[in-house]
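**Q** Here it is, the structure in full.
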Amino acid sequence: MTTALNRRTRATRNRTVSRPARSERKQGLGSSRTASLVVVANRLPVHRVGVGSNAHWESSAGGLVTAVAPVMKKLPGVWVGWSGNDASIKPFIHDRMRIRPVTLGREEVAKYYDGMSNRTFWPLYHDAIRPPEFQREWWKKYVAVNARFAQAAAAEAARGDIVWVHDYHLQLVPAMLRERRPDLRIGFFLHIPFPPEELFEWLPWREEILKGLLGADVIGFQSPMAAQNFSRLCRHYAEAEGTGTSLRYEGRPIVNRAFPISIDFDWFDIRAKSPAAREGVAELRSRLGAKRKILLAIDRLDYTKGVVRRLQAVEELFERGLAKAEDCVFVQIATPSREAVAEYATLRDEVETIVGRINGKFSQPGRVAVHYFRRNLTREELITYYAAADVMLVTPLRDGMNLVAKEFVACRSDSTGVLVLSQFAGAARELTRALTVNPRDQDHFVEALRTALKMPREEARMRMSMLRSRVKRDDVYAWCDDFLSELRGTK
Ligand code: ADP
Ligand code: F6P
């Protein structure tokens, strides 16, 4: 069904394609001088794996790529980002996206990415779930690498173009870019939470970060709370003036507000309904045990995702006899992530120990209680799991949004399936018909699992159809149009 809003969204979507394809062709493969949208993000949508004749590009996991890639495929532009290793790679085109790799050396990866991005900003911005570390050496490399990204973006952008900078790795880029190229419209979107003052204030370079971000014309956050936190901090530490959603800094107006990110609903919906997906679901269900209820979780293997607490809740479910391996199976799919960072390696060991413990206690011949896959899956494989599950567990301890929750909803065209969602995922603000849990409250968590497993079909259907309408309406194209029209001043 085509809603009025989706019609509007599609019309606006077409409007954003502002350069003729012919001029792109004239520039030739690899050149991006006429890009009208320059996306700047640490991650490219693809990363290089394997060596020698086995080397190939694989799609990168993570919410940023899931959201921005479909948008980039429809717009003339270029994606500036890191290729995932230290090889120097020339610009190229991949799946209709023009890619401009930025090469980082080993020391830069260790200090800018593993260190400053993932051991300082990541834990600090996620409620300090792990203690953030502050090291001057990391900061110096962070500044240097941000300058390199700003330089690459400036070289890619034609006069008056739009540059859209993404995420916590590149918070200095907006101001660095403005200094080089005041003719550009610059946007910044933060995919993760922005912390309250009492946490952000720990940062030795707090003023530099705020001023770096204030180089943008539009600064987007996942939640209104994050935008409020930012605005208060800017008034306090950067002498900015203004309200919760609009600031003035160095004589320039800046919009800072929430733009909750989303997914390409139709893309998932269409594939999940296809005969191939249906066949895949039937096969998967029969392999897991046709009559068994399937509990599913899919995450990057990150300590913010609450994998350990979730396994403990599942363990208690089996322990108390509320579920039996005979009639219930838990499938945990985890994509390896940031393994050079100690906390991630520890988490992996912890998860593998608990999975072993649960299976040791509760599996039966031919009936494994927990299936654990630590690997990257293709989108088609993920869709099969989403469409086969009875209950989806999305239970992070803190998450800016969590697109897995929305992908699950988009794959349930028959409106079956129950979503158990942490109240600390940004998605909980929109997906109010999910069963919400506090993942740190184990009694509550186990109770929610029990309720989900027993939920009457009619109630599940009613909840899921409301969830689907919401994600279909507020899809990634609506997010992108909202942000870009604010940035272009056409709102
Ligand atoms: P984050 O951005 O923190 O990784 P999100 O839930 O917003 O969290 O996004 C995760 C994205 O990564 C989703 O699009 C999901 O489909 C994808 N993903 C997660 N696990 C896997 C996996 N094992 N294989 C492939 N893709 C995955
Ligand atoms: O969505 C948050 C995010 O940190 C993205 O910025 C990132 O691309 C994704 O998660 C995956 O993390 P990484 O790029 O470190 O593998």
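The values are calculated or read from the model by the stated rules, or taken from the named source; none is laboratory data. This structure is a prediction, so every number in the text was calculated from the model and none was measured. Quick reminder, even Gly has a Cβ in these numbers, built from the backbone with ideal geometry, and neighbours come from all protein chains shown. Only protein heavy atoms, including side chains, enter the accessible area calculation; ligands, DNA and RNA are left aside. Shrake-Rupley method; radii C 1.70, N 1.55, O 1.52, S 1.80 Å.
**Q** Go through (1) open to solvent by 30 Å² or more (accessible area, probe 1.4 Å); (2) under 16 Å from residue 170 (Cα atoms) and name the single condition residue 114 misses.
**A** Among (1) open to solvent by 30 Å² or more (accessible area, probe 1.4 Å); (2) under 16 Å from residue 170 (Cα atoms), the lone unmet condition for residue 114 is (1).
**Q** How about region 58-84: which of its residues are open to solvent by 40 Å² or more (accessible area, probe 1.4 Å) and within 15 Å of ligand 2 (Cβ to nearest atom)? Quick ask: steps written out before the conclusion?
**A** Of region 58-84, the ones open to solvent by 40 Å² or more (accessible area, probe 1.4 Å) are 58-59, 61, 73-74.
Passing the criteria: 58, 59, 61.
**Q** Quick check, is residue 124 farther than 27 Å from residue 88 by Cα, assigned to a helix (DSSP H, G or I) and out of contact with any Phe, Trp or Tyr (no Cβ under 6 Å at 6 or more places or on another chain)? Let's see the steps before the verdict.
**A** On the way: farther than 27 Å from residue 88 by Cα: yes; assigned to a helix (DSSP H, G or I): yes; out of contact with any Phe, Trp or Tyr (no Cβ under 6 Å at 6 or more places or on another chain): yes.
Taking the combined requirement at face value, the residue satisfies it.
**Q** List pairs: first in region 358-383 and over 20 Å from residue 348 (Cβ atoms), second of a type in the set (Phe, Trp, Tyr) and within 16 Å of ligand 1 (Cβ to nearest atom), Cβ under 7 Å, 6+ apart or cross-chain?
**A** Going by the 7 Å Cβ cut-off, the qualifying pairs are 383/268.
**Q** Here's something else I'd like to know. Would you check which residues across region 288-311 are farther than 24 Å from residue 61 by Cβ and open to solvent by 60 Å² or more (accessible area, probe 1.4 Å) and list them? Quick ask: steps written out before the conclusion?
**A** The initial filter retains those residues of region 288-311 that are farther than 24 Å from residue 61 by Cβ, namely 289-293.
Within region 288-311, 290, 291, 293 qualify.
**Q** A follow-up question, please. Can you tell me which residue in region 346-377 is modelled with the lowest pLDDT, limited to those that are surrounded by 13 or more Cβ atoms within 10 Å (Cβ to Cβ) and within 16 Å of ligand 2 (Cβ to nearest atom)?
**A** Across region 346-377, the extreme among qualifying residues is 376.
**Q** If you go through region 454-467 one residue at a time, do you hit one that is in contact with a Phe, Trp or Tyr (Cβ under 7 Å, 6 or more places away or on another chain), open to solvent by 20 Å² or more (accessible area, probe 1.4 Å) and at negative phi?
**A** Start the filter on region 454-467 by keeping residues that are in contact with a Phe, Trp or Tyr (Cβ under 7 Å, 6 or more places away or on another chain), which leaves none.
Within region 454-467 (the criterion being in contact with a Phe, Trp or Tyr (Cβ under 7 Å, 6 or more places away or on another chain), open to solvent by 20 Å² or more (accessible area, probe 1.4 Å) and at negative phi), the answer is no, since none of the residues qualifies.
**Q** Mind listing just one residue for me: the one in region 251-274 that is of a type in the set (D, E, K, R) and in a strand (DSSP E or B) and, of those, nearest to ligand 1 (Cβ to nearest atom)? First the steps, then the outcome.
**A** Filtering region 251-274 down to residues of a type in the set (D, E, K, R) leaves 252, 257, 264, 266, 269, 271, 273.
Pick out the ones that are also in a strand (DSSP E or B) and you get 252, 257.
Working: 252: 30, 257: 20 Å.
Applying the filter and picking the extreme gives 257.
**Q** On to the next question. Considering every residue within region 308-319, establish whether at least one is within 16 Å of ligand 2 (Cβ to nearest atom) and either part of a helix (DSSP H, G or I) or touching an Asp or Glu at 6+ places or on another chain (Cβ under 6 Å) (or both). Talk me through it step by step, then tell me what you get.
**A** Let us first name the residues in region 308-319 that are within 16 Å of ligand 2 (Cβ to nearest atom), namely none.
There is no residue in region 308-319 that is within 16 Å of ligand 2 (Cβ to nearest atom) and either part of a helix (DSSP H, G or I) or touching an Asp or Glu at 6+ places or on another chain (Cβ under 6 Å) (or both).
**Q** Residues that are in contact with a Lys or Arg (Cβ under 7 Å, 6 or more places away or on another chain), within 16 Å of ligand 1 (Cβ to nearest atom) and assigned to a strand (DSSP E or B): does region 57-64 have at least one?
**A** Going through region 57-64, the residues in contact with a Lys or Arg (Cβ under 7 Å, 6 or more places away or on another chain) turn out to be 57, 60-62, 64.
Pick out the ones that are also within 16 Å of ligand 1 (Cβ to nearest atom) and you get 57, 60-62, 64.
Now restrict to residues that are assigned to a strand (DSSP E or B): 57.
Within region 57-64, one or more residues are in contact with a Lys or Arg (Cβ under 7 Å, 6 or more places away or on another chain), within 16 Å of ligand 1 (Cβ to nearest atom) and assigned to a strand (DSSP E or B).
**Q** Kindly evaluate residue 46 against the criterion of being open to solvent by less than 50 Å² (accessible area, probe 1.4 Å), modelled with pLDDT of 90 or more and more than 16 Å from ligand 1 (Cβ to nearest atom). Can you show your working first?
**A** Working: open to solvent by less than 50 Å² (accessible area, probe 1.4 Å): yes; modelled with pLDDT of 90 or more: yes; more than 16 Å from ligand 1 (Cβ to nearest atom): no.
Against the criterion (open to solvent by less than 50 Å² (accessible area, probe 1.4 Å), modelled with pLDDT of 90 or more and more than 16 Å from ligand 1 (Cβ to nearest atom)), residue 46 does not qualify.
**Q** For residues that are within 13 Å of ligand 1 (Cβ to nearest atom) and basic (Lys, Arg), scanning just region 390-428, find the one that is surrounded by the most Cβ atoms within 10 Å (Cβ to Cβ).
**A** 406
**Q** Considering only region 339-362, I want to know if a residue exists there that is among the hydroxyl-bearing types (Ser, Thr, Tyr) and assigned to a loop (DSSP other than H, G, I, E, B).
**A** no
**Q** Looking at region 142-188 only, could you name the residues that are within 16 Å of ligand 1 (Cβ to nearest atom) and either touching a His at 6+ places or on another chain (Cβ under 6 Å) or open to solvent by 10 Å² or more (accessible area, probe 1.4 Å) (or both)? Walk me through it before giving the result.
**A** Initially, region 142-188 is screened for residues within 16 Å of ligand 1 (Cβ to nearest atom), giving 166-170.
Residues satisfying the conditions are 167, 169.
**Q** Look through 297, 323, 277, 290 and report the one residue that is part of a loop (DSSP other than H, G, I, E, B), small (Gly, Ala, Ser) and modelled with pLDDT of 95 or more. It would help to see each step written out before you state the result.
**A** Numbers: 297 fails: part of a loop (DSSP other than H, G, I, E, B); 277 fails: part of a loop (DSSP other than H, G, I, E, B); 290 fails: modelled with pLDDT of 95 or more.
Of 297, 323, 277, 290, the one residue that is part of a loop (DSSP other than H, G, I, E, B), small (Gly, Ala, Ser) and modelled with pLDDT of 95 or more is 323.
**Q** Ok, one more. Might you check whether a residue that is within 12 Å of ligand 2 (Cβ to nearest atom), in contact with a strand residue (DSSP E or B) (Cβ under 9 Å, 6 or more places away or on another chain) and under 15 Å from residue 148 (Cβ atoms) occurs anywhere in region 100-110? Before you say what the answer is, go through the steps one by one.
**A** Of region 100-110, the ones within 12 Å of ligand 2 (Cβ to nearest atom) are 109.
Filter once more, keeping what is in contact with a strand residue (DSSP E or B) (Cβ under 9 Å, 6 or more places away or on another chain): 109.
Now drop any that are not under 15 Å from residue 148 (Cβ atoms), which leaves 109.
Yes, region 100-110 contains at least one residue that is within 12 Å of ligand 2 (Cβ to nearest atom), in contact with a strand residue (DSSP E or B) (Cβ under 9 Å, 6 or more places away or on another chain) and under 15 Å from residue 148 (Cβ atoms).
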